[in-house]
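The values are calculated or read from the model by the stated rules, or taken from the named source; none is laboratory data. The model shown is predicted, which means the values in this text are computed figures rather than measured ones. Virtual Cβ from ideal backbone geometry, glycine too; neighbours counted across all protein chains shown. These area figures cover heavy atoms from the full protein model, side chains too; ligands, DNA and RNA do not enter into them. Shrake-Rupley method; radii C 1.70, N 1.55, O 1.52, S 1.80 Å.
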Amino acid sequence: MTEWQAVSAKEAALSRIERFVPLPGYVEFPANEMRERASAFLEEVQRRRTVRDFSDRPVPRDVIEMCVLTAGTAPNGAHRQPWRFVVVSNQKIKRAIRVAAEEEEKEFYAGRAPDDWLEALEPLGTHEAKPFLEKAPYLIVVFAESYSIGEGGERSKNYYVTESVGIATGLLITAIHRAGLVCLTHTPSPMGFLNEVLERPTNERPFLILVVGYPAPDATVPNLQRKSLDEIATFIE
Ligand code: IYR
């Protein structure tokens, strides 16, 4: 193959799959409409609360699928998409997760947690009993892929894994809220048992459990205030 033949073969390969395409689907709004949209979205997410009292009413699986696909749109390191969402509705597996989580939590609340941590949790009224892990219709167990394993078993590095999975989880929580469901971010510590119960490989590290469903009719939440703009933002102009 001559040099120019090699170059044109490369170009041909590239022209089959364009490396860059025009920005698809971007929509610009006039400033006033932008303001209205930002304000309506703020109002909608301000209504989101973390809920611990769940109903056992079933939730349509296709809604959960769309929420997971939404999570998968998150920006992420080198586009490795280093996440795996294990969606559990199986009653036996939910029970196994509850039993294992409560075992860890018992130790946490009975002494493993330092006093300052327990004091910080006091206003939330949390304790070692985790009935929601069995009652809620869905547990979405989020795993972070510390590294990827290719078809032939070769390992490749992932980048900014925690940041990527954190952003994806934020989108997942927002999508669940937008759909009219509630969720709870639950982080039993340590979470290694999730690999065993869910039979996940060792390159997947449990990130958190998202408990998803309808709130119980008598659900209550702690009376919390969110920080103001001044408290969370600094503008340098
Ligand atoms: N994992 C424990 C403790 C816990 C920790 C934090 I930080 C919270 O915001 C809430 C709970 C539990 O789930 O009870």
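Observations on the structure shown:
- Taken across segment 227-235, residues that are among the basic types (Lys, Arg) and more than 21 Å from PHE85 (Cα to Cα) do occur, with at least one present.
- Condition check for ARG226: in contact with a helix residue (DSSP H, G or I) (Cβ under 9 Å, 6 or more places away or on another chain), within 16 Å of the ligand (Cβ to nearest atom), over 23 Å from TYR109 (Cα atoms) and touching a residue at least 40 places away in the same chain (Cβ under 8 Å): yes
- The single condition among (1) open to solvent by 20 Å² or more (accessible area, probe 1.4 Å); (2) more than 16 Å from the ligand (Cβ to nearest atom); (3) within 23 Å of THR220 (Cα to Cα) that ILE176 does not meet is (1).
- Test: GLU134 is part of a helix (DSSP H, G or I) and out of contact with any helix residue (DSSP H, G or I) (no Cβ under 7 Å at 6 or more places or on another chain): no
- A Cβ distance below 8 Å, combined with a sequence gap of six or more or placement on separate chains, defines the contacts here; from segment 120-131, residues that are within 15 Å of GLU107 (Cα to Cα) reach residues that are open to solvent by 60 Å² or more (accessible area, probe 1.4 Å) and more than 10 Å from the ligand (Cβ to nearest atom) in the pairs GLU128/LYS106; GLU128/ALA110.
- Counting only residues that are within 21 Å of the chain's Cα centre (by Cα), open to solvent by 90 Å² or more (accessible area, probe 1.4 Å) and not charged (D, E, K, R), segment 194-226 holds 1 of them.
- Residue, most open to solvent (accessible area, probe 1.4 Å), within segment 132-170, restricted to residues that are of a type outside the set (Gly, Ala, Ser), closer than 20 Å to PHE207 by Cα and free of Cβ contacts under 8 Å to residues at least 60 places away in the same chain: LYS157
- Per this entry, GLU11 is counted among residues that are within 28 Å of GLY150 (Cβ to Cβ) and at pLDDT below 95.
- All positions within segment 36-48 that are in contact (Cβ under 8 Å) with a residue 40 or more places away in the chain, surrounded by fewer than 14 Cβ atoms within 10 Å (Cβ to Cβ) and not acidic (Asp, Glu): VAL45, GLN46, ARG47
- ARG49 passes every criterion in (1) outside any loop (DSSP other than H, G, I, E, B); (2) of a type outside the set (A, V, I, L, M); (3) in contact with a Leu (Cβ under 9 Å, 6 or more places away or on another chain) apart from (1).
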